[in-house]
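Worksheet for the structure shown next.
The values are calculated or read from the model by the stated rules, or taken from the named source; none is laboratory data. Predicted, not measured: the structure shown is a model, and the values here were computed from it. Here Cβ is always computed from backbone atoms with ideal geometry, including for glycine, and neighbour counts include all displayed protein chains.
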Amino acid sequence: MVKRAAWFLVWCALVAGLAHLYLLPAPESAASRLDGAVALTVLTRAGPVSMTAAQWLPGALAAEMPASFESEALKAQAVAARTYAMSAHRHTEADLCILNGGCCVAYKDEAALRALWDTDYEKNMAAIEAAILATDGQYLIYEGEAIQAVFHASSAGSTEESAAIWSPAPYLVSVPTPETPENTPGLVTTVRFTPGELAEALGISPEGDPAAWLGEAVLDGAGRVAYISIGGQRFTGGEIRGALGLRSTAFTATWDGDRFVFTVSGHGHGVGMSQYGAQAYAAMGWGYEAILAHYYPGTTLTSLSSR
Ligand SMILES: [Zn+2]
């Protein structure tokens, strides 16, 4: 029995060791002097591992934004991701996770990126690393503290205020954003439901003419759905988004005589920097500092070198 337990421990150590090796990203560049000095505890499927910000950032930036985006958009995203890591807080046993469960910042390790990018790996990683090195050690603060640098894929017209979803933050307010269907693929999406499908998804059993099911939506300060009554029951925009799998809470709902039609703008929670918005501003010639100042108003870009 003791022998079997001992072998089990050896096996566990081996698996943990292999997983650890597999998950470790490429060695950091000698040029990432400041990021290389930031120690992070990163929660992986094999448990917490130690990484520097320089080791974590490439896999995070590559997973969060297409490498083909404008260099100034990539720099803005690098700063936002670095800032997120410095203020992360969702786990007791680690600074942040790379579990890709929609919890912390997305992450792809080298093996995943090689599979994804194939022959473009070297070119794409060069763009990712250039954005990180150009912003080495830079992060955003508000009143001296690293901010909650949340971001999302796209919004139409304006971003969402943090207060509508989480707690208010003075720098997470609704600001204009330049996405259009021309510069943002899938900016507007349409989803249709039969009355039966809608009732099942929402767990309601209304009777009568479906044309009368939809109440008027109550919009929040950013023009997204705060509340809507469907089939006599009141839902938050977030509840509808979750139950129906909508891309955002910026939606309108109509009945076309046959199905309910949900027309949805943008993708994600809508708070903080819009990634496609950053890309559009970069294409207009904005630098990453201006992009960050726009999406996180009132914050200051600082550097670890000034600590
Ligand atoms: Zn997490």
Exercise for review: Please identify the pairs in which a residue from region 226-249 that is in the same structural domain as residue 207 (by TED's automatic domain parsing) has its Cβ atom under 6 Å from the Cβ atom of a residue that is surrounded by 20 or more Cβ atoms within 10 Å (Cβ to Cβ) and in a helix (DSSP H, G or I), counting only partners at least 6 apart or on another chain.
Suggested key: 226/237; 249/237; 249/241
Practice item. Among the residues of region 250-296, write down those that are among the polar types (S, T, N, Q) and in contact (Cβ under 8 Å) with a residue 60 or more places away in the chain. Key: 263, 265, 274, 275, 279
Exercise for review: Just one of (1) over 19 Å from residue 273 (Cβ atoms); (2) part of a loop (DSSP other than H, G, I, E, B); (3) not hydrophobic (A, V, I, L, M, F, W, C) trips up residue 89, so point out which.
Suggested key: (1)
Check your understanding: Within region 45-61, how many residues turn out to be in contact with a helix residue (DSSP H, G or I) (Cβ under 6 Å, 6 or more places away or on another chain), buried (at least 20 other Cβ atoms within 10 Å of the Cβ) and either of a type in the set (Val, Ile, Thr) or over 17 Å from residue 282 (Cβ atoms) (or both)?
Key -> 5
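Within region 181-198, take every residue that is in contact (Cβ under 8 Å) with a residue 24 or more places away in the chain and over 14 Å from residue 253 (Cα atoms) and give me the one that is farthest from the chain's Cα centre (by Cα). Outline the logic, then answer.
From region 181-198, those in contact (Cβ under 8 Å) with a residue 24 or more places away in the chain are 183-184, 186-195, 198; that's our starting set.
When the remaining residues are screened for being over 14 Å from residue 253 (Cα atoms), the result is 183-184, 186-187.
Values: 183: 19, 184: 16, 186: 17, 187: 16 Å.
So, considering only residues that are in contact (Cβ under 8 Å) with a residue 24 or more places away in the chain and over 14 Å from residue 253 (Cα atoms), the one farthest from the chain's Cα centre (by Cα) is 183.
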Review point. When only residues in region 100-125 that are surrounded by fewer than 11 Cβ atoms within 10 Å (Cβ to Cβ) and within 30 Å of residue 172 (Cβ to Cβ) count, which is farthest from the ligand (Cβ to nearest atom)?
Key: 102
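Tally up the residues in region 105-141 that are part of a strand (DSSP E or B) and of a type in the set (A, V, I, L, M), please.
Residues of region 105-141 part of a strand (DSSP E or B): 138-141.
Cutting the leftovers down to of a type in the set (A, V, I, L, M) gives us 140-141.
Qualifying residue count, region 105-141: 2.
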Practice item. Among residues belonging to region 72-99 that are over 14 Å from residue 292 (Cβ atoms) and more than 9 Å from the ligand (Cβ to nearest atom), point out the one that is surrounded by the fewest Cβ atoms within 10 Å (Cβ to Cβ). Key: 92
Study note, to complete from the structure: Filter region 159-191 for residues that are of a type outside the set (A, V, I, L, M) and in contact with an Asp or Glu (Cβ under 8 Å, 6 or more places away or on another chain); the one that is farthest from residue 69 (Cα to Cα) is 168
Point to revise | Residue match in region 145-157 (condition: within 22 Å of residue 288 (Cα to Cα), more than 18 Å from the chain's Cα centre (by Cα) and in the same structural domain as residue 59 (by TED's automatic domain parsing)) | key: yes
